[in-house]
Amino acid sequence: MPLTAFSPCFLLVALSAASGQPADEAYWARWRGPQHNGHASGEGLPTTWNADSIIWKTDLPGQGQASPITWGDRIFLTSALEDGRQRVVFAVDRNDGRILWQKIVWQGEPEPTHVMNGWASASCTTDGERVYAFFGRGGGLFCLSVDGEVLWSHHLGDFEGPWGTAACPVLAGDFVVQNCDADRDARIVAFDKKTGEPAWETKRPDHRGWSTPILVNVAGREELVVNGHDGPRAYDPANGRELWHVKSFNGRGSPTVTPWEDLLLVINGLRGDVYAVRPGGDGSV
């Protein structure tokens, strides 16, 4: 099967044999890590490795593109079985690669997707007590205990569009937030992370999208920033009110916004320019 068919079936953990895992790196609890930029901090991180660096290897069920997240000794991942007819969340022991539990959270007829996407592309997020996973039309948003018990779930719509979904859930205070961009009924929604009760919902421009929101703090004000077809927009994570927006260059706001010093770096997926935005504004910036 070609690489573009999201076919990796094993998990590799490669660490420097000469150094231990930094303590703060035991918590990579969301897509792109604690700083929303994919950067790891700490000392003793490996910069080179080879076959001798592999501590363990584990065959994984199904197909998926979700990045692993970690909390302590557990790694959480998603997968799709039977060509998307089953959506699965599972946990792996970080020490030896054992699959601790595997939970089918949804079964049904799979929605259309792209060969380079699939049905399990959104990474989970966790607060150490609960794990949140998103599967688009295939069941929506799920909350599980770290031991694999489904606590609540919400179907979030049909996500019309030919290329599937990939935006990851994020935690913002007491809420879990999900970007629901689609060709129809696009919106961003928040739920109480413990009970699943709806907290707020804000309309977004109707267009398919795959960008994961990030949370930034600007002079004491928290902003939830998410890219989109017409450019990035910022929302108040407490109530979903739109704070500011920027018109993009060429559409397809798929890439996640990246924080850098006091700026946000943005790129759009369709021949888009790279541009920097200063958060903290109001209205059109």
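From the list Asp96, Asp83, exactly one residue is within 30 Å of Pro255 (Cβ to Cβ) and surrounded by fewer than 18 Cβ atoms within 10 Å (Cβ to Cβ). Which is it?
Working: Asp96 fails: within 30 Å of Pro255 (Cβ to Cβ).
Going through Asp96, Asp83 in turn, the sole match is Asp83.
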Inset, instruction - Only strands (runs of 3 or more DSSP E) wholly contained in the range 158-207 count here; list those with 3 or more residues that are among the hydrophobic types (A, V, I, L, M, F, W, C) and under 14 Å from the mean Cα position of the chain (by Cα). - result: 170-172, 175-180
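Tell me, which residue of the range 178-235 that is hydroxyl-bearing (Ser, Thr, Tyr) and farther than 22 Å from Arg130 by Cα is modelled with the lowest pLDDT?
Going residue by residue through the range 178-235, those that are hydroxyl-bearing (Ser, Thr, Tyr) are 195, 202, 211-212, 235.
Applying the additional criterion that residues be farther than 22 Å from Arg130 by Cα yields 202, 211, 235.
Working: Thr202: 98, Ser211: 95, Tyr235: 98.
Per the criteria, the residue is Ser211.
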Inset, instruction - Could you check how many residues of the range 264-285 are closer than 16 Å to His229 by Cβ and exposed (fewer than 15 other Cβ atoms within 10 Å of the Cβ)? - result: 3
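Please go through the range 25-39 and give me each residue that is of a type outside the set (D, E, K, R), surrounded by 14 or more Cβ atoms within 10 Å (Cβ to Cβ) and not in a strand (DSSP E or B), ordered by number. Before you say what the answer is, go through the steps one by one.
To start, the set of residues in the range 25-39 that are of a type outside the set (D, E, K, R) comprises 26-29, 31, 33-39.
So of that shortlist, the ones also surrounded by 14 or more Cβ atoms within 10 Å (Cβ to Cβ) come out as 26-29, 31, 33-34, 36-37.
Hits for the range 25-39 are Ala26, Ala29, Trp31, Gly33, Pro34, His36, Asn37.
Going residue by residue through the range 61-70, is there one that turns out to be open to solvent by 50 Å² or more (accessible area, probe 1.4 Å) and modelled with pLDDT under 90? I'd like the intermediate steps shown before the answer.
The initial filter retains those residues of the range 61-70 that are open to solvent by 50 Å² or more (accessible area, probe 1.4 Å), namely 65, 68.
Checking the rest, the ones that are also modelled with pLDDT under 90 come to none.
The answer is no; no qualifying residue exists.
Can you pull out every residue in the range 253-263 that is more than 17 Å from the chain's Cα centre (by Cα) and either in contact (Cβ under 8 Å) with a residue 12 or more places away in the chain or crowded, with 17+ Cβ neighbours inside 10 Å (or both)?
We begin by selecting, within the range 253-263, every residue more than 17 Å from the chain's Cα centre (by Cα); these are 260-263.
Trp260, Asp262, Leu263 - these are the residues of the range 253-263 that are more than 17 Å from the chain's Cα centre (by Cα) and either in contact (Cβ under 8 Å) with a residue 12 or more places away in the chain or crowded, with 17+ Cβ neighbours inside 10 Å (or both).
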Legend entry - Residue count, the range 101-130 (criterion: in a strand (DSSP E or B) and closer than 14 Å to Leu77 by Cα): 8
Inset, instruction - Could you list all residues from the range 117-138 that are open to solvent by 10 Å² or more (accessible area, probe 1.4 Å) and of a type outside the set (S, T, N, Q)? - result: Trp119, Asp127, Gly128, Glu129, Arg130, Arg137
Inset, instruction - Kindly provide the set of residues from the range 155-197 that are touching a Ser or Thr at 6+ places or on another chain (Cβ under 6 Å) and farther than 17 Å from Val226 by Cβ, ordered by number. - result: Gly164
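Output the residue which, of all residues in the range 223-252 that are assigned to a loop (DSSP other than H, G, I, E, B) and under 18 Å from Arg278 (Cβ atoms), is nearest to the chain's Cα centre (by Cα).
Our first condition is that a residue be assigned to a loop (DSSP other than H, G, I, E, B); within the range 223-252, this holds for 227-232, 236-241, 246-252.
From what is left, the residues that are under 18 Å from Arg278 (Cβ atoms) are 227, 231-232, 236, 246-249.
On the way: Asn227: 13, Gly231: 19, Pro232: 17, Asp236: 19, Val246: 23, Lys247: 24, Ser248: 22, Phe249: 24 Å.
Looking at residues that are assigned to a loop (DSSP other than H, G, I, E, B) and under 18 Å from Arg278 (Cβ atoms), I get Asn227.
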Inset, instruction - Name every residue in the range 143-155 that is open to solvent by 10 Å² or more (accessible area, probe 1.4 Å), assigned to a strand (DSSP E or B) and not β-branched (Val, Ile, Thr), in order of residue number. - result: Ser145, Leu151, Trp152, Ser153, His154
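The values are calculated or read from the model by the stated rules, or taken from the named source; none is laboratory data. Keep in mind that what you see is a predicted model, and the values were worked out from it rather than measured. Every residue, glycine among them, receives a Cβ derived from its backbone with ideal geometry; neighbour counts consider all protein chains shown. Note: areas computed on protein heavy atoms with side chains; ligands, DNA, RNA excluded. Shrake-Rupley method; radii C 1.70, N 1.55, O 1.52, S 1.80 Å.
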